[in-house]
Structure formats: C-alpha cells, structure tokens
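These notes are about the structure you will find just below.
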Amino acid sequence: MAKADITQAEGDLFLENITKQFGDFRAVNDLSLQVPQGSFFALLGPSGCGKTTTLRMVAGLEDPTAGRIRIGDADITYAKPYNRPVNTVFQNYALFPHMDIFENVAFGLKRRGIKDAKQQVDEALDLIQLSQVAKRKPLQLSGGQQQRVALARAIVNRPSVLLLDEPLGALDLKLRRQMQLELKRIQTEVGLTFIHVTHDQEEAMTMADTVAVMNEGIIEQMGPPTELYESPRTAFVANFLGQSNLFPAKVAETSGDDVILEDSDGRFVMPKARVSDRVVTDPGTEVLVGVRPEKISIARLEDAAPPPADGNFVDGRVTSASFLGVSTQYEVTTHGGDTINVFAQNLDVHNLVPQGEDVRLSWLPIHGFVLSGHDDINAGVEKNV
Amino acid sequence: MSQATAAPKAPLTHRLRTWVGDNALRIYAVIAFVYLLLPVAYTFAFSFNDAGRTNIVWNSFTWDNWLNPCGAPEVCPSVVNSLVVGLIVTVVSTILGTLIAFSLVRYRFRGRSTTNLLIFLPMATPEVVLGSSLLALFLNLFVPLGFTTVVLAHIMFCISFVVVTVKARLASLDPRLEQAAMDLYASEREAFRRITLPLVAPGIAAAGLLAFSLSFDDFIITNFNSGQFTTFPKFVYVSATRGIPPQANVIASAMFFIALAIVLISQFAGRRRKEV
Ligand SMILES: Nc1ncnc2c1ncn2[C@@H]1O[C@H](COP(=O)(O)OP(=O)(O)OP(=O)(O)O)[C@@H](O)[C@H]1O
Ligand SMILES: [Mg+2]
C-alpha cells in the first residue's frame, strides 16, 4: 500500500483496539470504533471514563499503549500532532494568553502559511459572534466567550476530524442551544467529521448521528440515539441514557419468538428480538427486565380492563405521586417488592391516582427490553438525582 | 448643609479613635517608607556635598560631584569593572540557569529531586563560607585571583537564583498551551518560540535583573576571591578607612535611580500590555 500523506488524510476515522495505560491504571481499554467521514459522533460518558484520553490519542498528544489509529488508509497512530489533519477544542480552552483573540484564531492558518488568513479569521469570529472583541486578550473574556474562541480557533482550519472536548460546557442554556444548532450547521455544511465529547445526554442525542456510551475505558454501546434509547444493551446504558425501570427475573421458558420471564410479581412475555445479544435464553438464566417509565400505563386496580392476552402487567400500590405539569411521576411498589417509576401524561386531571391507591401497571412486550442478570442494576444511575 | 451642622457630633475621643482606625495603615506605611528610604536619601543628599577629605560632615552644596563623577581616583575604573563582571555574569548565569530550570520542570530524570535540593544550597550557605571555600579551591588549583575568579564565583551563586526564578514562572505555565499550539500545526520548535518563550520571558528577564544586581552588589565573596581586582563595592569598603569620596554617593544614587526607572518602565509596559 502506498504511504498516504498524513497531513491530507481523509476518510473514516478508525480506532483499533486502543489501550492507554497510566502506570497501573488503564484509562482506555481495548477500545475500537469507526467514525464515518462527515458524521457527527458523540462520545458520552461519566466523568473520568476516558473520554479526554481517547481524544488526546486521536490528536496525537498522547501515545496509545497499544492499538492503531487510522484516518482512511493513513496510519496516524504515532504521527506528530502538527502533521495530523485533526484539530481540538480543548476542555479547558487552552487559549494563548499573550495573543489577542484574532491572533489566537489565526494561529493555525498562519502556521500552515495560508494566504487569506484574515478573511477566514473574520468569518470565524462572525460565526461565534465575537468580532467585536477580536483585539482583546483571552483573560478579558467571560468563560463562555473563551469557549467560543476555542471553537473558532479549531474550526477555522477545516480539519478532516474535529475533536470537541465538552465545547459547550460553560455556556448558559440559551447560548448552548444556539451553539448546538451552529455546530450542527457547520458540520453538515462543511462535511467535517465531528467527535463531540459530552456529559450531557440530551446534547449527545439531539446533535449526533451516532452516540457511543463510554464507561470505565470501554464503549458500552454505540449506535444511533434512538437505538441506544430504545434498545440498550447493558444496564449502564439503560440507566445513563434517560431513566429505566430494571428488575431481576429468570427465564422460565421460550415459546416461538417469545421468551417468558418470571419474577416475584408473575410472568412477563418478551419478544426474543428485545433480548440483549449478551443474554442466552436458556430456562433458569438470570436476567434484568427493563421498561422505560413513559412506556408504562397506570390504572386504578378496580378500573383496569382485563389484561390483554399478550400484555405484561404488575399490580402494586402508589407510594408517591408528583404532579409535574406536563406529566405526573408515580412511584409504585409492586406486591413482589420492586419499585417502578411511571411517567403518565396528564391528559385528564381527573385521572390522577392518589398516593396509597392500588394500581395495575401494564406495558406492551415490544416496549420492554431484557438485559444480562450479571449487570449491576444500579450501574450508570446518576448519584445526585 | 444646615442639617449637617445641626446633627449632634460624635464625642471627640470617638472621632479620634475612628480617625486612627481609618488611617493606621497609612501611618504605618509612611513610617516604614521613611525607615527604608532614609539611608538612600542620606546617600543622595551627601552626593551634593562639597566634601574635603571625607564625606562625613556636611560642608556646602555643589554640583561638582555629579558633573564629574570620575573625579576621585579609582571610582570609575571600579564601576567599570563591576559593570563588566555584572554583564558577563548576567548573560552566562541567565542562560545556564534557564536551561537548568527547563530541564527540572519539563523532564523526569534520575537525580531530579536531588538537583532541585542542591540548587538551593548556594542560596542557603552563608556568603563568608562560600567565599572562603572558593578561595581555598582557587588556591589549591593554582588559579590566579582576579577578574576570572570573580566572574566564576558570581556565576556560581547567581545560577541558583536564576533557576528558582525561572522555574517558578515555568511551573505556572500550562503545558496544554504548547500542546494546543502543536495541535494547530506548530512544530515543537515553533511552539516553543511562539508560546513558551514569550510566556516565560518575563521570568527570564526578572532573573537576569536579579543576577545583575546580585553580582553588582556582592562584596563578601568578591573580597575573598578578587586579589588585586577591584569592584565598586570593594572600592567603597577599602576607601571607608580613608574616607569615601562623594563620587561614590553619586554612583550609588545613580544606580538607585536607574533601578527605579527599570522597575517603573516594566510596570508601565506590563499594564499597557494588559490593557490593549
Ligand atoms: N496523565 C495521566 N496520568 C495518570 N492518569 C491519568 C492521566 N490522564 C488521565 N488520567 C486518568 O485517566 C482517567 C480518564 O481520564 P479522562 O481525562 O480521559 O476522563 P474524562 O472522561 O475526560 O473525564 P471528564 O468528563 O471529567 O473530563 C481518569 O481516571 C484520570 O485520572
Ligand atoms: Mg475530559
């Protein structure tokens, strides 16, 4: 294979079995992923899971302990950072304090000897709505303004791959939404590959074509946002993206395309298609049954219609009901002792179920999912909520 | 206005106490400054003394000393000696010290922490001890005392100060700035030249000034190792027995004002840089 010119490399970004070891600590563990050229890829995960470390290896600021990184055919694993067609928006901005905003944004263009740097810088400053502060020093800007400058400084170079390490973290909600739209627009217009690291699952889901959920140095699951939300593969993903009700059960039997599960509250039917590929459906296998709170319907026990033949239901008692305006959030303790959260849309105020009432919860089999019983049921639950 | 006068006044003791409370810091500062600046003022005043043999009692005012600072024998040659030594020492110790500081901050190598500790040794050792042991060393190596030995001795103790000063500046420099530069297509060399060096430059400049003033000022170590070679402090000390000529006051005052000017200019430049 002819040695491709790294500085001009284009194509999909490949990380192949990347491991990064800091002494005894493994920050990134045998991670593989492919980011299609021109796509918006979000890397989502809790603090300390190795997101920044992964980006730094792609940028060339950290050498992987093992593995390969490619852009198209060009192997960039050990290429110098200044030879890669990759630019980074640093998590802490890393603006040059002795240069003004204009010089900061022009830095990359000047290093490559680009002729009409001024015009491109002016455009970039327009884009982030900071033309008026071009002559100021970074320390004279607010945190959010600095963050936008960091964004402009990277984007102005139009790299093959743009790495964004929580680029909107310091912005208030309004500006954040606005910049999200801007970013998405730039990305589709220019066709750059964006790798966007974020804590914010909403941001990841609204912006990205593909989301990878990362935890403790590995990728738990990767796919389009809807797929991740509807069919999580692990308890971590189920809990980290939105909320999930998870409760332990056992496989009782399989019949046709369905799996019958059993727990202290009775039996549930699940289509085999809704069972995580990590679970073998032999009778006796321990599993976790999952249902999103908004997919469960709640009804007073005496009002409840007889359960449909193929529906799942459990009976329990409402232990708390919080009216949230657009919806009501119930916490129901089942007779078997599980706690289940339900979000019910407020279609009719008179249907609110008060605390202490006996209720029947029901959901369609295709709305549930089945995970491995070895998963930690609380993995990925946000601790401060 | 009439209302204000009509309002009952606080008792005198209370007002006195408030006044002292409000102005205590200012009073203290004035006293401290008088204490600090009195010797300088004295030196400056006596540079205008039309002294006879000694410059101890005030005779009468004259411009002569300032118009003719080389009037007294040996004053100017000793000043020139001090300046030459100071400049060489500044250049050499700033370069060497800066390099040491970079290696201590940027690289992990064996003996790094030991080096860090040893750097402090020349600063912690009493000057008489340093001076006398250097003298013993030079004598044992049969190095003739004079200009060379003074320069060597000064470089030796100035390096420590340069290292400490530059190191402090370097340590506060975020390594991610250089990484960001390299991410933006700057080679290692360019990142150093455009990011690191400009950001560390104030520290290096401060270290250089410090080295110069330490060298220019040094008497104890110089006196041990200079042989017949005379620097300005040594000249003053030697002539103290016979009477210090007022030209020495002129030189000292001039040095003070030059130093003051440098400080003011650098402060002014620093403020300008921040404003723009
Ligand atoms: N240079 C280093 N030496 C040792 N450990 C490191 C180093 N850099 C990162 N780590 C460790 O690697 C782990 C992953 O760090 P990383 O910065 O990639 O996390 P992150 O996912 O970006 O977190 P955050 O969302 O808080 O930014 C952390 O536990 C961190 O302590
Ligand atoms: Mg990070």
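From zero up to wherever the largest Cα-Cα distance of the range A:243-372 sits, split into 5 Å bins and tell me the percent of pairs in each.
2, 11, 22, 23, 18, 12, 7, 4, 1, 0
If you rank B:His154, A:His98 by how much accessible surface each has, with a 1.4 Å probe, what is the order from largest down?
Sorted descending by solvent-accessible area, the residues read A:His98, B:His154.
Based on the Cβ-Cβ distance of A:Asp200 and B:Leu25, what FRET efficiency does E = 1/(1 + (r/R0)^6) give at R0 = 51 Å, to the nearest 0.05?
For R0 = 51 Å, the calculated efficiency reads 0.55.
What residues in the range B:182-197 lose 40 Å² or more of accessible surface when the other protein chains are added to their chain alone (1.4 Å probe)?
Buried-area filter returns B:Met182, B:Asp183, B:Leu184, B:Tyr185, B:Glu188, B:Arg194, B:Ile195.
Counting only helical runs of four or more DSSP H residues, what would the 222 nm mean residue ellipticity of chain A come to if each run contributes -39,500 (n - 2.57) and the total is spread over all its residues?
-6000 deg cm²/dmol
How much of the calculated P(r) for the range B:171-276 lies past 21 Å, in percent of all Cα pairs?
Everything past 21 Å amounts to 59 percent.
For chain A, what is the per residue volume of the convex hull drawn over the alpha-carbon atoms, in cubic angstrom?
Value for chain A: 176 Å³ per residue.
In Å², and per residue, what accessible area does chain B have when probed at 1.4 Å with the other protein chains present?
Here the residues of chain B average 61 Å² of exposed surface.
Have a look at chain B and give its Rg and Dmax from the Cα atoms, expressed in angstrom.
25.5, 89
How big is the dipole moment of the range A:243-372 about its Cα centre under a simple scheme where the beta carbon of each Lys and Arg is +1, that of each Asp and Glu is -1, and everything else is neutral? Debye, nearest 20, please.
Rounded to the nearest 20 debye, it is 280 debye.
Accessible area per residue, 1.4 Å probe, Å², for chain A: what's the number?
For chain A, the solvent-accessible area averages 45 Å² per residue.
Measure nothing fancy, just the Cα-based angle from helix A:101-111's long axis to the longest principal axis of chain A, in degrees from 0 to 90, nearest 10.
Its long axis makes an angle of about 70 degrees.
Per residue of chain B, what 222 nm ellipticity follows from adding -39500 (n - 2.57) for every DSSP H run with n ≥ 4, rounded to the nearest 500?
Estimated from H runs of four or more residues: -24000 deg cm²/dmol.
Could you work out the Rg to Rh ratio of the range B:12-63, with Rh taken as the Kirkwood radius (inverse of the mean 1/r over all Cα pairs)?
1.35
Taking trypsin sites (Lys or Arg not before Pro) as exposed when DSSP calls them loop (any state but H, G, I, E, B) and at most 14 other Cβ atoms lie within 10 Å, what is the longest stretch of chain B free of them, the sites themselves excluded?
The longest uninterrupted stretch comes out as B:111-241.
Between the range A:214-239 and the range A:187-206, what's the alpha-carbon centroid distance in Å?
Distance between centres, Cα-based: 17 Å.
Lys/Arg Cβ at +1, Asp/Glu Cβ at -1, dipole of the range A:3-230 taken about the Cα centre: which of A:Ile195, A:Gln178, A:Val105 is farthest positive-ward?
A:Val105
Hey, with R₀ at 45 Å, roughly what FRET efficiency would A:Glu230 and A:Gln21 work out to, going by the Cβ-Cβ distance, to 0.05?
In this case the efficiency is close to 0.80.
In nanometres, what is the gap between the two model label sites at A:Ile114 and A:Asn378, each 7 Å from Cα along Cα-to-Cβ?
Spacing of the two 7 Å Cα→Cβ label points: 5.0 nm.
Projected onto the charge dipole of the protein assembly as shown (+1 at Lys/Arg Cβ, -1 at Asp/Glu Cβ, origin at the Cα centre), which of A:Gly316, B:Pro144, A:Ala74 gives the Cα projection farthest towards the positive end?
B:Pro144
To check my understanding: the extent here is largest minus smallest coordinate of the Cα atoms along each principal axis. What are those three numbers for the range A:132-213, in Å, largest first?
Sorted largest first, the three principal extents are 38, 26, 18 Å.
Kindly compute the accessible surface that chains A and B hide from a 1.4 Å probe when together, both sides summed, and give it to the nearest 100 Å².
Summed over both sides, the interface buries about 2200 Å².
R0 = 30 Å: FRET efficiency of B:Phe192 with B:Leu36, Cβ-based, nearest 0.05?
0.15
Based on the alpha-carbon gyration tensor of the range A:50-166, what equivalent-ellipsoid semi-axes (square roots of 5 times the eigenvalues) come out, in whole Å, largest first?
Each semi-axis is √(5λ); the values are 27, 16, 11 Å.
Mean Kyte-Doolittle of at least 0.0 and a Cα length of 20 Å or more along the axis: which whole DSSP H helices of chain B meet both?
The answer, listed by residue number, is B:12-46, B:75-106, B:147-171, B:197-217, B:246-275.
Rounded to the nearest 10 degrees, what's the angle between the helix A:143-155 long axis and the longest principal axis of chain A, both from Cα atoms, 0 to 90?
So the inclination is approximately 70 degrees.
Within 10 Å, at most 11 other Cβ atoms, and a DSSP state outside H, G, I, E, B define an exposed site. Report the longest part of chain B free of exposed chymotrypsin sites (Phe, Trp or Tyr not before Pro).
B:143-276
Less than 13 Å Cβ to Cβ from A:Thr53, Lys/Arg counted +1 and Asp/Glu -1: what total charge do the surrounding residues give?
So the surrounding residues net to 0.
Do any trypsin sites (Lys or Arg not before Pro) in the range A:67-122 lie in a loop, going by DSSP, with at most 10 other beta-carbon atoms within 10 Å of their beta carbon, and if so which?
Loop-located and lightly packed - A:Lys115.
What is the distance, in nm, between label points placed 7 Å from the Cα along the Cα-to-Cβ direction at A:Ser264 and at B:Ala171?
My value for the distance between the label points is 5.8 nm.
Beyond a 25 Å Cα-Cα separation, which of these cross-linked pairs lie in this structure: A:Lys80/A:Lys110; A:Lys110/A:Lys174; A:Lys20/A:Lys272; A:Lys80/A:Lys118?
Where the Cα-Cα span goes over 25 Å, the pairs concerned are A:Lys110/A:Lys174; A:Lys20/A:Lys272; A:Lys80/A:Lys118.
Distance from the Cα centre of the range A:2-71 to that of the range B:36-71, in angstrom?
The two parts, judged by their Cα centres, are 73 Å apart.
Which residues of the range A:134-149 end up with at least 30 Å² less accessible area in the presence of all protein chains than when their chain stands alone, using a 1.4 Å probe?
SASA drop of 30 Å² or more in the range A:134-149: A:Lys137, A:Gln140.
Take peptide A:90-101, look around each residue's Cβ out to 10 angstrom, count Cβ atoms belonging to other protein chains, and average those counts.
Mean partner shielding for this stretch: 4.
No other cysteine beta carbon under 4.7 Å away is the test; run it over chain B and list who passes.
By the Cβ distance rule, which asks for a partner under 4.7 Å, the isolated cysteines are B:Cys158.
What net charge is computed for the residues neighbouring B:Glu188, neighbours being all others with C-beta under 13 Å from the C-beta of B:Glu188, Lys and Arg scored +1, Asp and Glu -1?
It works out to a net charge of +3.
Report in % the part of the accessible area of chain A that belongs to carbon and sulfur, leaving out ligands and nucleic acids; probe 1.4 Å.
Here it works out to 51 percent.
Specify the angular offset, from 0 to 90 degrees and rounded to the nearest 10, of the alpha carbon long axis of helix A:117-127 from the longest principal axis of the alpha carbons in chain A.
Helix A:117-127 sits at roughly 30 degrees to that axis.
Local charge sum around B:His154 (other residues, Cβ-Cβ under 13 Å, Lys/Arg +1, Asp/Glu -1)?
Net charge around B:His154: -2.
Computing the accessible area with a 1.4 Å probe over protein heavy atoms, can you report the carbon and sulfur percentage for the range B:77-231?
About 70 percent, which is the carbon plus sulfur part of the accessible surface.
Over the alpha-carbon set of the protein assembly as shown, divide Rg by the Kirkwood Rh and report the Rg/Rh ratio to two decimals.
1.17
Sorting check: for B:201-208, B:121-128, which peptide has the highest mean count of neighbouring beta carbons within 10 Å, and how do the rest follow?
Taking the mean over residues of other Cβ atoms within 10 Å, the ranking is B:201-208, B:121-128.
The values are calculated or read from the model by the stated rules, or taken from the named source; none is laboratory data. The shown structure was predicted, so the numbers you read here are calculated from the model rather than taken from an experiment. Positions of Cβ are generated from backbone atoms using ideal geometry, with glycine treated the same way; all protein chains shown enter the neighbour counts. Heads up: the accessible areas ignore ligands, DNA and RNA and are worked out on the full protein's heavy atoms, side chains in. Shrake-Rupley method; radii C 1.70, N 1.55, O 1.52, S 1.80 Å.
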